[in-house]
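Student: Okay, here's the structure, questions in a sec.
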Amino acid sequence: MAINFFQEDIIYNLPQKNLTKKWLREVAKREGFIITDLNYIFCSDEYLYKINVDYLDHDTYTDIITFDNSEEENTIEGDIFISIERVKDNAKTENQDFHHEALRVLSHGLLHLCGYKDKSKEEAHLMRQKENASLDSYSELTKQ
């Protein structure tokens, strides 16, 4: 049940790592999943852009790319790449605290691994609801 945080070409140290890991496990459990091996890789815009072009053939910048390596049903194994620069920009655009936005993106990637999509308007709406519920559960954990 490993959850790991790495950095590629950028320095970002996620605060409260143990609490965040506990929270991520709870989010997965609520969706009926167990995390066996989940890696979050914090990186720059350019690093993530290159992955987007090389692996997904998308010539765009993005805040997150999720790779699902799961082989068993209801088990999560994956790699989630997050552009810290994009998260900072999104936080400003959404008038949110950076850490709040970072947590939203962490949950977003995990929710993708739980099977949620965000391409259609309906899917995006459901994804946002799930993200908000996840953020609420993080707030509850910090009160314990």
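Bear in mind these aren't lab numbers, they're just calculated from the coordinates by the rules spelled out. These numbers were taken from a predicted model, which means no experiment stands behind them. Every residue, glycine among them, receives a Cβ derived from its backbone with ideal geometry; neighbour counts consider all protein chains shown.
Student: Over what distance in Å are the Cα centres of the stretch 98-125 and the stretch 33-94 separated?
Tutor: Using only Cα atoms, the two centres lie 11 Å from each other.
Student: Taking 8 Å as the Cα distance limit and 6 or more residues as the minimum spacing, I'd like the relative contact order of the stretch 3-82 as a percentage.
Tutor: About 34 percent, as a whole number.
Student: Please give the contour-minus-distance gain from K22 to E8: 0.36 nm per residue of separation, less the Cα-Cα distance, rounded to one decimal in nm.
Tutor: 2.7 nm
Student: In whole Hz and in residue order, list the ³J(HN,Hα) couplings for the stretch 58-75 that follow from phi through the Karplus curve 6.51 cos²θ - 1.76 cosθ + 1.60, θ = phi - 60°; x for Gly and Pro.
Tutor: 10, 9, 9, 7, 8, 8, 8, 9, 10, 10, 8, 10, 5, 10, 10, 4, 6, 10
Student: Using the structure shown, list the pairs from K50/K119; K21/K121; K88/K130; K21/K117; K22/K121 with a Cα-Cα distance above 25 Å, or answer none.
Tutor: K21/K121; K22/K121
Student: Remind me, relative contact order of the stretch 2-143 in percent, using alpha carbon pairs under 8 angstrom and six or more residues apart?
Tutor: 23 percent
Student: Which of these values of P(r) over Cα pairs in 5 Å bins from 0, in percent was calculated from the structure shown: [x] 2, 9, 18, 19, 17, 12, 9, 6, 3, 3, 2, 1, 1, 0; [y] 2, 8, 14, 17, 17, 14, 11, 9, 4, 2, 1, 0; [z] 2, 10, 19, 24, 24, 15, 6, 1, 0?
Tutor: Computed from these coordinates, P(r) over Cα pairs in 5 Å bins from 0, in percent corresponds to label [z].
Student: Give me H100, H112 sorted ascending by neighbouring Cβ count inside 10 Å, so fewest comes first.
Tutor: Listing H100, H112 from fewest to most nearby Cβ atoms yields H100, H112.
Student: Could you check the simple spin-label distance between E123 and K92, using points 7 Å along Cα→Cβ, in nm with one decimal?
Tutor: 3.0 nm
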